[in-house]
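> Submitted below is the structure of interest, expressed as structure tokens.
The values are calculated or read from the model by the stated rules, or taken from the named source; none is laboratory data. These numbers come from a predicted model, not from an experiment. Neighbour counts run over all protein chains shown; Cβ positions are idealised from the backbone, glycine included.
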Ligand SMILES: [Zn+2]
């Protein structure tokens, strides 16, 4: 795989998609992928809000899935 030192992989704030930035011929901005950058700002703000909620939920799920000593010991299989 060829790596270009100038571009970096970024996660879109609105949809969570990973994209390379800056990419030649792409309109992507620093925080938004090429698709979301075309969205009206109001839409994008809603998408960003939902996206941050999803990220929080994912984090909570991961933490809930992580076995802790007290729980794993108490629950019989
Ligand atoms: Zn996006």
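> Can you run down the residue pairs with Cβ atoms below 6 Å, 6 or more apart or on separate chains, where the first is in segment 24-36 and farther than 12 Å from residue 11 by Cα and the partner is at pLDDT 95 or above and part of a loop (DSSP other than H, G, I, E, B)?
26/34; 27/34
Okay, residues lined up against (1) in contact with a helix residue (DSSP H, G or I) (Cβ under 9 Å, 6 or more places away or on another chain); (2) more than 18 Å from residue 7 (Cα to Cα); (3) assigned to a helix (DSSP H, G or I):
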position: 19; (1), (2), (3): no, no, no
position: 24; (1), (2), (3): no, no, no
position: 28; (1), (2), (3): yes, no, no
position: 45; (1), (2), (3): no, yes, yes
position: 52; (1), (2), (3): no, yes, yes
position: 61; (1), (2), (3): no, yes, yes
position: 64; (1), (2), (3): no, yes, yes
